[in-house]
Amino acid sequence: FLPLQGPGYIVEAARLTAGSPVRWTLVGDGPEKPKCLALAKGLDNIVFKDHIAYKDLPSAIAGYDVVLGVFGDTEKAARVMPNKFFQALACGQAVVTMRSRAYPAAVAESEAVKFVDPGNPRQLADAVLQWCYDRSSLASATAQARRLFECEFGSEVISSQVAGTLNEALFR
């Protein structure tokens, strides 16, 4: 519930999908949670849960069809790939997140991720609804998610990148 994450936009997307089969779950705590609770008043398609222990994240993530990234319209939001993005892909889950220059080209080209403009609850709602109503597309996205993680962010890839950076720094 930080500005970076754009939780108010998520609540507004939930409002836009009221009456559909989509159910939204927001997890955690933070300075924007009270505002989001107030914004969600009267919505029956959104649930707020407390923090989930790190060791319990894989099973929690597996319980959802789609994982949300960040949607804030801050400069920082435009520069980062949040942990929940990596965690979702590692668990083989499809992700909706905001467009950002932080993501490598392979991510932008993957069916495992849907990108929306920052601060745009209508696009967020539409992306989630699309996967809700097109289950074969969602199945394809989830099938690609873990492969995308391994190819772009797996331990071998990261180890190689770190080693390359260290070699560059040491042998200039």
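Taken over segment 85-114, the residue count meeting the criterion of being part of a helix (DSSP H, G or I), at pLDDT below 90 and over 9 Å from the mean Cα position of the chain (by Cα) is 5. Just one residue in the set ASP29, ASP56, ASP50 is free of Cβ contacts under 8 Å to residues at least 12 places away in the same chain, acidic (Asp, Glu) and open to solvent by 50 Å² or more (accessible area, probe 1.4 Å); that residue is ASP56.
If I go through segment 59-84 residue by residue, how many of them are outside any loop (DSSP other than H, G, I, E, B) and either hydrophobic (A, V, I, L, M, F, W, C) or surrounded by 17 or more Cβ atoms within 10 Å (Cβ to Cβ) (or both)? Step through it out loud before you land on a result.
Looking only at segment 59-84, we keep the residues that are outside any loop (DSSP other than H, G, I, E, B), and these are 59-62, 66-68, 77-79, 83-84.
With the extra rule that they be either hydrophobic (A, V, I, L, M, F, W, C) or surrounded by 17 or more Cβ atoms within 10 Å (Cβ to Cβ) (or both), the set shrinks to 60-62, 66-68, 77-78, 84.
Total meeting the criteria: 9.
From the set of residues in segment 143-172 that are basic (Lys, Arg) and either under 24 Å from GLY72 (Cα atoms) or under 17 Å from the mean Cα position of the chain (by Cα) (or both), which is most open to solvent (accessible area, probe 1.4 Å)?
That would be ARG147.
Take ALA13 and decide whether it is small (Gly, Ala, Ser) and open to solvent by less than 20 Å² (accessible area, probe 1.4 Å). Yes: the conditions hold for ALA13. Just so you know, in segment 115-142 the residues that are open to solvent by 40 Å² or more (accessible area, probe 1.4 Å) and not in a helix (DSSP H, G or I) include one that is nearest to LYS84 (Cα to Cα), and it is PHE115. Filtered by the rule that a residue be farther than 16 Å from ALA125 by Cβ, open to solvent by 40 Å² or more (accessible area, probe 1.4 Å) and outside any loop (DSSP other than H, G, I, E, B), segment 32-47 gives PRO34, LYS35, LEU37, ALA38, VAL47. Of everything in segment 85-114 that is open to solvent by 60 Å² or more (accessible area, probe 1.4 Å) and of a type outside the set (A, V, I, L, M), the residue that is nearest to ALA40 (Cα to Cα) is ARG99.
The values are calculated or read from the model by the stated rules, or taken from the named source; none is laboratory data. On a predicted model such as this, the values are computed, not experimentally measured, just so you know. Cβ atoms come from the backbone with ideal geometry, glycine included; neighbour counts cover every protein chain shown. Remember, those area values only see protein heavy atoms, side chains included, never the ligands or the DNA or RNA. Shrake-Rupley method; radii C 1.70, N 1.55, O 1.52, S 1.80 Å.
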